[in-house]
1. Restricting attention to segment 85-104, and to residues there that are of a type outside the set (A, V, I, L, M) and either farther than 22 Å from residue 150 by Cβ or without any contact (Cβ under 8 Å) to a residue 24 or more places away in the chain (or both), which single residue is surrounded by the fewest Cβ atoms within 10 Å (Cβ to Cβ)?
2. Considering only segment 268-285, state which residues are under 15 Å from residue 319 (Cβ atoms), without any contact (Cβ under 8 Å) to a residue 60 or more places away in the chain and among the β-branched types (Val, Ile, Thr).
3. Looking at 21, 14, 58, which is the one that is modelled with pLDDT under 95, surrounded by 14 or more Cβ atoms within 10 Å (Cβ to Cβ) and touching a Lys or Arg at 6+ places or on another chain (Cβ under 6 Å)?
4. With the checklist (1) surrounded by fewer than 22 Cβ atoms within 10 Å (Cβ to Cβ); (2) part of a strand (DSSP E or B) in hand, flag the one item residue 82 doesn't pass.
5. Which residue out of 62, 88, 81, 135 is of a type outside the set (D, E, K, R), more than 20 Å from residue 268 (Cβ to Cβ) and touching a helix residue (DSSP H, G or I) at 6+ places or on another chain (Cβ under 9 Å)?
6. For segment 134-184, give me each residue that is surrounded by fewer than 24 Cβ atoms within 10 Å (Cβ to Cβ), part of a strand (DSSP E or B) and either small (Gly, Ala, Ser) or in contact (Cβ under 8 Å) with a residue 60 or more places away in the chain (or both).
7. Could you list all residues from segment 114-145 that are within 29 Å of residue 188 (Cβ to Cβ) and of a type in the set (A, V, I, L, M, F, W, C)?
8. Need at least 3 residues that are crowded, with 22+ Cβ neighbours inside 10 Å, small (Gly, Ala, Ser) and at pLDDT 95 or above per element, so show me which strands (runs of 3 or more DSSP E) inside segment 243-328 make the cut, counting only ones lying wholly within it.
Amino acid sequence: MKQIYGLRSACLCAAAMLAIAGCSPAVAPSAAASPAVATTPRTAVLRGPRPRGWLSDAARSGEPLIYVADGNQVLLYAEDGDRNAPIGSITDGVTSAYGLYVDREGDLYVANWQENNVEKYKPGTLQPWITYSSGLNGPFYEVVDRQGDLYVSNAGNGTVTEYVRGSTTAQRTAQTEGNQADGMDLDHEGNLYVAWRNNYGAGIDEFSSDLKHRKSLGISLVQPQGLLVRRSGEIIVVETDYASAIEEFAPGKKSPKLVLKPPQVLTEIAIARPGHTLFASSISNAVYTTSYPLRAADAFQLKILVDYSSYGSYDSVQGIALSNGQTF
């Protein structure tokens with residue numbers, strides 16, 4: 001079984017996008033430096049190729065869905081009922097899919113890190129509605145705020161790119177403390193939290209919604225990937241590779257109050273409303289669940305086993321998102 005896990009152990013050249021590994025250029029941005037901000041005009045471009053893939057009636061019905069990024073496709077599973085086989089597959093516009101996100105309107109976002117773009121799909125459709133590529137450098141994760149503005153983390157240079165609603169031109173770009181930016185989430189006040197890493201370590205930065213102000217949370221990480229911020233202020237972050245774990249930090253704390261060791265190396269996490277189940281994608285071609293709020297005694301349960309050989313994908317599972325996932 002081919003897995004992205006192996007790529008995490010190899011450094012790509014500095015001119016190319018960073019792959020899954022924490023390898024990065026030798027010179028990292030200074031933590032004391034203020035983020036660079038650039039402003040460009042708005043434009044809007046719609047994309048319209050012939051759609052590919054398939055959706056069952058159940059996938060179109062508006063029932064809660066689990067989206068799983070599996071290489072060159074996004075697989076759809078029913079959150080309730082039978083989860084042994086997908087009920088749909090999106091392949092149009094999906095290449096090297098990484099982080100997934102569903103906004104408040106139910107639109108799905110897919111970060112294609114090798115293609116340097118993010119595709120947006122309306123609910124129940126197979127065809128990309130909008131393509132974002134301006135200013136991206138190995139996009140890994142995405143998040144959308146209350147106003148519909150899109151933020152994308154870049155693995156290739158440790159930046160965050162912002163697009164205002166209705167525009168596909170990068171409005172602002174801000175530098176994290178690292179040279180690879182990973183998981184992101186927004187708190188209820190609209191502040192953006194970004195996990196980053198470089199040759200010297202990893203951590204989490206907090207940005208103002210306009211990306212003009214950045215501060216380090218002082219949290220020391222190893223190989224962060226997915227990240228969630230709860231309304232109560234807790235931060236949940238995935239540590240991947242040899243540091244594989246889910247860590248939960250109380251508001252304002254620099255050390256985790258809880259560490260859970262999963263059965264496999266995880267990548268992205270999502271919490272179903274009303275918030276009693278946490279879903280986690282893994283590079284073992286599986287999706288695991290555990291109860292939420294997290295407890296030390298919690299066990300991970302296998303929810304979905306993706307047989308990628310049956311569906312034409314070449315890579316292992318990366319991102320996960322829920323159609324009824326958490327909101328801020």
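1. Step by step, filter segment 85-104, then rank; the result is 95.
2. Answer for segment 268-285, where residues must be under 15 Å from residue 319 (Cβ atoms), without any contact (Cβ under 8 Å) to a residue 60 or more places away in the chain and among the β-branched types (Val, Ile, Thr): 269, 271.
3. Of 21, 14, 58, the one residue that is modelled with pLDDT under 95, surrounded by 14 or more Cβ atoms within 10 Å (Cβ to Cβ) and touching a Lys or Arg at 6+ places or on another chain (Cβ under 6 Å) is 21.
4. Only one criterion in (1) surrounded by fewer than 22 Cβ atoms within 10 Å (Cβ to Cβ); (2) part of a strand (DSSP E or B) is unmet by residue 82, namely (2).
5. 81
6. Passing the criteria: 172, 173, 175.
7. The answer is 118, 129, 130, 136, 140, 143, 144.
8. none
The values are calculated or read from the model by the stated rules, or taken from the named source; none is laboratory data. These numbers were taken from a predicted model, which means no experiment stands behind them. Neighbour counts run over all protein chains shown; Cβ positions are idealised from the backbone, glycine included.
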